[in-house]
Structures are given as C-alpha cells and as structure tokens.
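Rule-based calculations on the coordinates, nothing more; no lab input. Just so we're clear, the structure is a prediction, and the values are computed from it rather than from any experiment. Using ideal geometry, Cβ is built from the backbone for each residue, glycine included, and neighbour counts are taken over all protein chains shown.
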C-alpha cells in the first residue's frame, strides 16, 4: 500500500447566524437607499408641479432633518409668504437646534427676520445659539448680525461669558482671543495671547505676531522666541529657516552685542515651556481671520508644515465695540 495521504483539509464550518445577520444588514441598507430615492423623486416631481402647498406637504412627510424645514421655508419665501417661512424655520430650529445642517436654517431665519423688520427677534436667535454653544464661531455669527442691524448691545454679555469660561478653563483662551479679534478689540486679544502662548496655540499667535510686528516690533520678540523654540523642538519642522526669518525680523531692534547670547539661548536642545502644535502653511491669500479652525467646527481643514515668515504691515482695524 502507498504512503498515507495525510490529513485532509476541510473547509471551515459556515456560521449560518453570521450569514443571516450580514444579509439582514445588506437588505436594510438597500431598502433605505430605495426609500431615499423614491422620496427624493417624489419631492422633485412635487416641486415641478409649481403647487407650493403640494410641495410642502410632500416635504413635511419626513422632517427628520433641518434641511427639510429649510426647503419649506425657502419655498414659502419664493412664494412671497415670508410669515409662514419664518414660522417653519423657527419650528425647524426648535426641533433640530444643533445638527450639522442647523446653521443654514438659522442663517435663513435671521435673514427673514431682518428683512421683515424683526431686528430684536433676529438678535434673539443668535443670542440663543450662543448661549447654547458659547464658542468663537457662534460669537462671530452674533457679531455679524449685530453689525447688520446696528446694535452691538448683546456683544458685551457674550464677551463676559467667554471671559468667564476662559477663567474657569484656560483651554478656552483661544476662543476668547478669536472673539476679541473678530470685534476689533486687538489690544486685549494681543495681551491675552502673549501672556498664554502655549494655550492659545502657535497658529493664532503667529497670525497676531505678523499683524503687530510692523507697528510695535519690540513687543513681538518674546512671542517670536516662543514660536522659534516650538519649531526647534519639532523634528519635522524647518527650524533653520524659521530661525533665520525670526533673526531677520528682530535684527533692527536687537543690540548687536546681545546677538550671540540670544542665539545660544535658542538652541536645538531647548524646549518650549508649554506645548505647541506644529505650524502650518498659510495660503497665498490670507483671510481676515487666521485659518485656525479646530476639528468639528465649520470650515476645518488639515494643515501642512510651514515656516515663520514676516509679512508687510497690515492696516489697523477699527473696533466694533468697546467693553
């Protein structure tokens, strides 16, 4: 007789329960896509009829998103029924105050209220959202609306709330500095950022330094040193270029005999007193506000590495409020 053929390799037993679970999951996904496609098709057909009430009735069958309320309010506004549009937009925000699509609905409601002369109601919408989520983004939205209606009264209380939050939690200082800068309170924004560079962050500090260095170069030396040390502590940074740019910017205002001591103080082995994020490359066209938006906020984009550089002086901006 020949040699034994050895152990036969049998396929692993099939888990019928797992197979059924996968099929159910797939069937649920397919059913949802079909349902979504049918609903979207019905909405398009209703819109094409030109019958606003019929279109609204179809949209109102599924009000799980603030986008549906926005579509209804938009349709009513186009039909010259602003009062009903305001009502639907307000209902949508009441049911969906904080979803990713709520901001568009809120902006529409504010526009509708201002157009109808309901200025106080428009401000109340912004104040309510700020009180629900007191951060720099909601403060800027409030400040923009205050500018539109010519009433900056609500900004005082909002700034005090941000100052109180920053006092309780220093990690909120960045939001306070952004808010102060957005309404032209540059001096308080600068003093706060310069006193807490590690908390405010390198990106925001770099933006403020660039804007201030032409008018008051002596005041930016300390923050510039912090930024250079942060670059040197980061092995992935272009530290040599950063140090060169900083030296060029500071040279006219630093005694020549102090140059060796300053250079030795900023050595590759020295670390920043507080942690700082790696710097990122600014775009070729700088916006009015630095592109320093955190994850989860509107407009956030990841950044790539860049080095410090000096820009031309920026014109001073008038303050929109004084507190």
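Suppose R0 equals 25 Å; then what is the FRET efficiency for residue 44 and residue 131 from their Cβ-Cβ distance, rounded to the nearest 0.05? Taking R0 as 25 Å, the efficiency between residue 44 and residue 131 is 0.05. Here the contact order of segment 178-235, divided by its residue count and restricted to Cα pairs under 8 Å and six or more residues apart, works out to 24 percent.
Listed by Cβ neighbour count within 10 Å, with the fewest neighbours leading, 52, 183 appear as 52, 183. Please work out the Cα center distance from segment 139-180 to segment 58-105, rounded to the nearest Å. That distance is 27 Å. A Förster radius of 56 Å combined with the Cβ-Cβ distance from residue 187 to residue 29 puts the calculated FRET efficiency at roughly 0.50. Starting from the Cα-Cα distance between residue 87 and residue 119, subtract it from 0.36 nm times their residue separation and give me the gain in nm to one decimal. Roughly 9.9 nm would be gained on extension.
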